[in-house]
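Engineer: Pasting a structure here, questions to come.
No lab work stands behind these numbers, since they all come straight from the coordinates. A quick note: this is a predicted structure, and the numbers were derived from the prediction, not measured. Counting neighbours? That spans all protein chains shown, and the Cβs are built from the backbone with ideal geometry, glycine included.
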Amino acid sequence: MITIGITYSPRMRPELRHLRYLLAVAEHANFTRAAEALRVSQPTLSQQIGQLERALGAPLLDRTGKTVRLTDTGETYLRYVRAALRDLAAGERAVADVQDLTSGHLRLAMTPTFTAYLLGPVLTAFHEHHPGLSLDVREFTQDHIEAALLADELDLGIAFRGPHPSGIESTELYEESLDLVVGPHHPYAGRTGSLPVSEVSSNRLALLSTEFATRREIDAYFAEHRTQTHLAVEANSVTALTEAVGHTELATILPDAITRDHPELYPVRLDPAIPTRTVCLLHRKNAYHSAASRAFERIVHRYDPYRPT
């Protein structure tokens, strides 16, 4: 009797490095640049991608053009790769999370108006209660905040009530009021009583750029009331606006809470009033909430700049 033994080699299972290598090639659309970013040789990178394709039994990259492109199979597979790497990073943060709050890290972003009046008081309280926690604060547009939350590049965002993309959840914090704001050189400085919105047309304005939700709301307000505006300065920084208004006869539209920390600025209520906005804390649905995130949420929910003290 003859016995013939056949040994089957199990198909290689993709490893974490294969997923990261595929993501890098997809993002750079080039093996050389991806290899440089990963700090591996190009032959090593090509070999590893080839292993992954053989393991899956399908080509993931189209190498025939001037740039490397994902195949349809590659596009589908990469969606799962991104989700897996995102969840893995969240898991690593969860393991590193210290529940007694003696250490930890929080990634936070907010739209520009909040850095001018909300960030200081909230950070003061946060570090008084939790001095061992570190905070990475970014200033983004609302669209950028939402995209970064979905990509797990942020833990929390402070912006305005929706509509928000699918996957973003929000909790309301307080209502924010917008007013005309002028400096000491402006004829309206110290004015009491409201100002008819039609009179704004006689003023030169300094406003946030149109990439920001605040500016879009301002433009919509003036359009609704058929008021012509004269834009003299456009900026992507609230600090730039307060400096411009404080040293010239320009006027701006900002949250009146900002004037509490800038005694050289004067709020002027418009008639009809600019609609209030609901400030919200944003986070990704089903995201891991670290101890640092929960601590920050408790503090920011207690803060309302419009509540009488």
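Engineer: With a sphere of radius 13 Å drawn around the Cβ of P163, what net charge do the other residues whose Cβ falls strictly inside it have (Lys, Arg +1; Asp, Glu -1)?
Structural biologist: Surrounding charge for P163 is -2.
Engineer: For every other residue with a beta carbon closer than 12 angstrom to the beta carbon of Q42, add +1 if it is Lys or Arg and -1 if Asp or Glu, then tell me the sum.
Structural biologist: +1
Engineer: Sticking with this one: Quote to one decimal, in nm, the extra length available between S103 and L23 on full extension: 0.36 nm per residue of separation minus the C-alpha distance between them.
Structural biologist: Going from the current span to full extension adds 25.7 nm.
Engineer: Mind checking the full-extension length gain between R138 and S237? Use 0.36 nm per residue of separation minus the Cα-Cα distance, one decimal, nm. Before the final figure, lay out the partial values.
Structural biologist: On the way: separation 99, 0.36 × 99 = 35.64 nm, distance 1.27 nm.
Gain on extension, R138 to S237, equals 34.4 nm.
Engineer: Taking a ≥ b ≥ c as the square roots of the eigenvalues of the Cα gyration tensor of the range 22-123, is the shape rounded (a/c under 1.5), prolate (a/b larger than b/c) or oblate?
Structural biologist: It comes out prolate by the Cα gyration axes.
Engineer: Here's something else I'd like to know. For the chain, rounded, prolate or oblate, judged on the Cα gyration tensor with a ≥ b ≥ c (square roots of eigenvalues), a/c < 1.5 rounded, else prolate if a/b > b/c?
Structural biologist: Numbers: a/c = 3.27, a/b = 2.16, b/c = 1.51.
Because a/c hits 1.5 or more and a/b exceeds b/c, the chain counts as prolate.
Engineer: Tell me what the chain gives for mean residue ellipticity at 222 nm when only DSSP H runs of n ≥ 4 count, each as -39,500 (n - 2.57), the sum divided by the residue total, rounded to 500 deg cm²/dmol.
Structural biologist: Value at 222 nm, helices only: -12000 deg cm²/dmol.
Engineer: Let me ask you something else. How much net charge surrounds R204 when only the other residues with a Cβ under 15 Å from the Cβ of R204 are counted, with Lys and Arg +1 and Asp and Glu -1?
Structural biologist: Every neighbour counted, the sum reads -3.
Engineer: Testing the spin-label approximation: label points 7 Å from Cα along Cα→Cβ at L119 and R302. State their distance in nm.
Structural biologist: My value for the distance between the label points is 2.3 nm.
Engineer: Right, here's the next one. Return the single residue from A223, A206, A147 with maximal mean-square fluctuation; model: Gaussian network over the chain, springs between Cα atoms under 10 Å.
Structural biologist: A223
Engineer: So what's the projected area for the range 176-309, the Cα convex hull averaged over all directions, in nm²? Intermediate results must be reported in sequence, preceding the final value.
Structural biologist: Values: hull surface 38.7 nm².
Taking the Cα atoms of the range 176-309, their convex hull projects to 9.7 nm² on average.
Engineer: Let me ask something additional. Which order do the peptides 150-157, 83-90 take when ranked by the mean count of other beta-carbon atoms within 10 Å per residue, highest first?
Structural biologist: Descending mean neighbour count gives 150-157, 83-90.
Engineer: Going by Cα centres, the range 120-178 and the range 213-240 are how many Å apart?
Structural biologist: With the range 120-178 and the range 213-240 each reduced to a Cα centre, they are spaced 24 Å.
Engineer: I would also like to ask the following. Label point 7 Å out from R161 along Cα-to-Cβ: which residues of the range 111-148 have amide N under 12 Å?
Structural biologist: none
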